[in-house]
Every structure is written in structure tokens, then in C-alpha cells.
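K.L.:
The structure is given below, and queries will be raised subsequently.
The values are calculated or read from the model by the stated rules, or taken from the named source; none is laboratory data. No experiment lies behind these values; they were computed from the predicted model shown. Note that we place each Cβ from the backbone using ideal geometry, even for glycine, and neighbour counts take in every protein chain shown. Side chains are part of the model used for accessible areas, which takes the heavy atoms of the whole protein and leaves out ligands, DNA and RNA. Shrake-Rupley method; radii C 1.70, N 1.55, O 1.52, S 1.80 Å.
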Amino acid sequence: MQKITIAKGDGIGPEIMDATLRILKAANARIEFEEIEIGEKVYLSGNTSGIGKEAWESIRHNKVFLKAPITTPQGGGYKSLNVTMRKALGLYANIRPCKSYHPFIATKHPGMDVVIIRENEEDLYAGIEHQQTDEVVQCLKLISRPGCEKIVRYAFEYARLYKRKKVSCFVKDNIMKQTDGLFQKVFMEIAAEYPDIEADSWIIDIAAARLADTPEIFEVIVTPNLYGDVVSDIAAQISGSVGLAGSANIGELCAMFEAIHGSAPTIAGQNVANPSGLLKAAIMMLNHIGQQDVAERIKNAWSCAIEEGIHTADIYKEGVSKQLVGTKEFADAVIAHLGQLPQQLKVAEYEKGVQLNLPKYKRRLASSKVLKGVDVFVDWKGGDANQLAEQVAKLNSDIRLTMITNRGVKVWPNGFEETFCTDHWRCRFEVSNGKPAEKGSIPQLLAQALNEEIDVIKTENLYEFDGVKGYSLGQGQ
Ligand code: NAD
């Protein structure tokens, strides 16, 4: 018996959770349930995170959490519980299978069967944002090597375990050479360790277009957080089954499983909600805890009910569906089919007694890191880059002004008058003699800036790592 934590959530949450738990019990899942309270009630009791201490303890102790959707109350001040949980519990991998169930559920893509593996902790979702000038705000995009290695390895291990032949990486490394470039580089490094699995890398824009148009060409997709957020909703929607998809959030120690939809408050308490999304999440959970036999039984019984046209209102279609049922009755139909195999839909067969092989991240030896200069960001309301250059070039130490950019485009030397400039300027200072910059050269520069009344808003050091530039060139440089 494995103990897991469950939360019935808000809106349709309690109904779909009851249906799911009934099916799990009828299928003889070797699970004990421990219920916690999270969501709306907790928020409204004055806890802005939506989760209390005891609930955290239960999840951290049991390490496996099946969660129904919750309602985040309207108005400011309430933190997203999902983002909090993913990060606090280190749930770095978000796995969302998006499959069509043609001809029983309408879709334009009958052959679609894609699994999206989204990095869940970093990228622009670090939420580090600042206003720096009147005109410019920034959001930091953080991509780490451990983050990339963990998610990419997860994708290849997942592909191997679930007998998928190909893993595709979606990035924008032609523009973001450092951040997306690192993700893509790690993807290629790890792909080489899996010669049995085909690997290809796509630029996110054309990749998303192809996913929406010909999803059949993809099997497993691995991608950073923001792209993953967008493409996983596209994929779920075009599979025709946004209400049917489940997802897993996996960490090194804990895992959380949930439907991808929300709490659907307008249909709550009416016995009309489709419990399939949460049931799919529960099937992923059973696989995760090594109860593949139960997972198969439930998935096959679910497929039988769908094949027989026993459909809830959200997927009911005249001519295809045979019987319109409510949440409870759908659960009854799944239970009635336990032990049977579908005729047309794929029979579920999950590898037993095997786990994903996910070694702990090993930090590499530190590289040789050499300071080569600094980017000094300045708030300046004048419009002519030549004037700014004249002022800023007065600052000097062993590093000298080599370039000014505005929103990344080089505007000095030899800028174009056509380039639109904001009040946010980057002044790049670099060593000219090929040697490392002196330790004190940046503070020296900044002290001079203070004297010259130059409004420095931030600096970024320019390093070489093992002789390779760790910073991008200016656009047009
Ligand atoms: P929603 O997913 O709840 O509903 C979108 C539409 O899909 C609605 O028309 C709804 O009736 C329908 N729908 C959703 N699930 C269904 C099901 N199982 N069966 C039949 N129809 C279903 O999205 P929303 O309306 O944008 O959000 C409602 C609330 O849910 C909000 O408070 C939001 O913050 C929350 N939410 C929670 C989660 C989560 O807990 N993981 C995720 C998304 C939204």
C-alpha cells in the first residue's frame, strides 16, 4: 500500500476527484489516500499562498500528490498555488501527453500522439522583473545547465521507457544564443547518449506552426518553460481533448498529478463535468509509483467506455456518441469495463518493474573564468548616441568604451539615424590589450560615473569561460 496525498480542490474538483477515487478503488489500486485542504477556502481564510503548513507536511511526507483543480480568487494579493508548488517542491518536469481518440472524439488530427515535456522551474518564469527607466522594464530569462540537463535527460529516458522513437527540441537559439543556445547544446550532448532515439532540433516559431498543422510528425517534445506553456495548450486543444488531458509535475523527491483544466465553477455541482483529465493524471501517477498493472486496467476500461460512445456533455457528438452521461455515470461505465480491452483504440501496455533512470546532477569542474569588461546600463534622456558616447568615453581604466546599444541594437559607433532609441542605453567597456581586466576596474569606472552624474542603472560583467565569450555581440556589431 502506498500512501498518497489528495486534494479535492474547488468547483468541479470534488466531483471529478470522487469519480477518480471510486475508479482507483474498484481497480484495486494499492493506495491509501490522505486528504488535505488547499485552494479557495484556504486563500479566503487569509492565507495568501492557498496552502497551509499541515498540507505541505503531508505532501512532503507522502511525496506523491493527486490534485483536483482549484479556484484562485479574483483580485490581487493571491499567489498562484501551482507556480508555488512546482518551485517549492522542485517539480522540474511537466509532462503532458496530447493524444487524439479518433474516431470517437472529434479532431482534425486523427494520428496525433505527442508528449510535451516542459521545463517547469526556470526561464522567464523566475519572475525576476524590474523597471529600470521611465520607458523600459525587464524580465530576466534564467537558464541553467542543471535545469537543461535534468529536463533533457528526462525527455530521453521517457522516450526510451515509453518506446517513442524521436525527441524534438523546441528553442529560439538563433536569437538567444546564450540561453536557448545552452538548452540546445545540452540537448545535442545528451542526445548522443541515446543513439537508439532520433533527435531533432527546431526553431520554436516554425515548430509551433508545424505542431498545429501536422502534429503527427512529433513524438516527444522537450522545451523551456515559456514555449512549453504555449505549445502544450496548442497541442491539447488540437488533439480535440482539452478536457481529457492529464499532466504530471515531477521532481527528484516529489511528484504532483492533475488535470490540465481548471475548476470550471459554472458547471460545478451539476454532475456534468468530465472526470477524464484527472483520471488520466491518476493513470500517470500509477505508472510513477510502479503500479503499471492498475494503470493499464483503468486506461483500457476508459478506452472501452469512450469506444462505446458513453460520453459526458463536453465530448458528446450526435452520430458518434451513443449515451450522454454525467460524471458519476461515466465513472460507473469505466468501472463496469475494468478487465476489458478496447477494440479500436490502442491497448495500454506499460513497461513493468522499470523506472526512469535519472541520475543526480553532477556539477562539472569549474571552468577558467576571465573578466574581459563590463556592460554599463545607463538611464539617459538625450536622443543622440554620439553625445552619450562623448560623455561616457570620459570614464576609463584598463577597460574602454567599445560600443553603445539601445534595446540591443548597436547605435555607436556608426549608428543609423533611423534606429529608434529609448532612454535605456548599454555602454560596453572592454579590455583592449587581450589581458584580463583588473579587479578594481569596474568600481573605478562606476566611481567616475558618479562624479560625471551618469545615471547607471545596472552592470553586467563580461566574462570568457575557458576562452569562449560568455556574452552576445550587439546587433549590427
Ligand atoms: P476551466 O478549465 O475551469 O474552464 C474552461 C472551460 O472548460 C469552461 O467552459 C468549463 O466549463 C470547461 N471545462 C473545464 N473542465 C471541464 C471538465 N472536466 N468537464 C467539462 N467541461 C470542463 O478554466 P477557467 O474558466 O479559465 O478557470 C476557472 C478557475 O480554474 C479559475 O479560478 C482558474 O484560476 C482555475 N484554474 C485552476 C487550474 C488548476 O488548479 N490547475 C488550472 C486552470 C485554471
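K.L.:
Filter segment 91-142 down to the residues that are open to solvent by less than 20 Å² (accessible area, probe 1.4 Å) and at positive phi and list them by number.
P.N.:
Selection gives 123 alone.
K.L.:
Inside segment 222-244, can you point out the residues that are in contact with a Phe, Trp or Tyr (Cβ under 6 Å, 6 or more places away or on another chain) and outside any helix (DSSP H, G or I)?
P.N.:
Across segment 222-244, the qualifying residues are 223, 224.
K.L.:
Kindly check whether there is at least one residue in segment 73-81 that is away from the ligand (no atom under 16 Å from the Cβ) and either part of a loop (DSSP other than H, G, I, E, B) or within 24 Å of residue 258 (Cα to Cα) (or both).
P.N.:
No, there is no match, as no residue in segment 73-81 is away from the ligand (no atom under 16 Å from the Cβ) and either part of a loop (DSSP other than H, G, I, E, B) or within 24 Å of residue 258 (Cα to Cα) (or both).
K.L.:
Answer with yes or no whether residue 417 is modelled with pLDDT under 95 and either closer than 28 Å to residue 179 by Cβ or surrounded by fewer than 19 Cβ atoms within 10 Å (Cβ to Cβ) (or both).
P.N.:
yes
K.L.:
What are the residue pairs meeting all of these: first residue in segment 74-86, first residue in the same structural domain as residue 60 (by TED's automatic domain parsing) and among the charged types (D, E, K, R), second residue open to solvent by 40 Å² or more (accessible area, probe 1.4 Å) and more than 10 Å from the ligand (Cβ to nearest atom), Cβ atoms under 9 Å, and 6 or more apart or on different chains?
P.N.:
Sorted first by the residue in segment 74-86, then by its partner, the pairs are 79/48; 86/121; 86/125.
K.L.:
Determine which single condition residue 295 fails, assuming it passes every other condition in (1) open to solvent by less than 10 Å² (accessible area, probe 1.4 Å); (2) closer than 17 Å to residue 272 by Cα.
P.N.:
For residue 295, the exception is condition (2).
K.L.:
For residues that are open to solvent by less than 50 Å² (accessible area, probe 1.4 Å) and charged (D, E, K, R), tally how many sit in segment 421-450.
P.N.:
Result for segment 421-450: 4.
K.L.:
Continuing with this model, one more query. With respect to the numbered conditions (1) at pLDDT 95 or above; (2) closer than 20 Å to residue 259 by Cα; (3) more than 15 Å from the ligand (Cβ to nearest atom), which one is the sole condition not fulfilled by residue 91?
P.N.:
For residue 91, the failing item is (3).
K.L.:
How about segment 264-273: which of its residues are open to solvent by 10 Å² or more (accessible area, probe 1.4 Å), within 10 Å of the ligand (Cβ to nearest atom) and touching a residue at least 60 places away in the same chain (Cβ under 8 Å)?
P.N.:
264, 265, 267, 268
K.L.:
Being open to solvent by less than 70 Å² (accessible area, probe 1.4 Å), touching a Lys or Arg at 6+ places or on another chain (Cβ under 9 Å) and away from the ligand (no atom under 16 Å from the Cβ) is true for just one of 62, 28. Which residue is that?
P.N.:
62
K.L.:
Now for a separate question. So if I check each of 222, 231, which one is touching a Cys at 6+ places or on another chain (Cβ under 6 Å), away from the ligand (no atom under 16 Å from the Cβ), more than 25 Å from residue 25 (Cβ to Cβ) and open to solvent by less than 10 Å² (accessible area, probe 1.4 Å)?
P.N.:
222
K.L.:
For segment 284-319, how many residues meet the condition of being within 18 Å of residue 69 (Cβ to Cβ) and in contact with a strand residue (DSSP E or B) (Cβ under 7 Å, 6 or more places away or on another chain)?
P.N.:
Selection size over segment 284-319: 4.
K.L.:
Does residue 381 satisfy being part of a strand (DSSP E or B) and over 16 Å from residue 461 (Cβ atoms)?
P.N.:
Answer is no for this residue.
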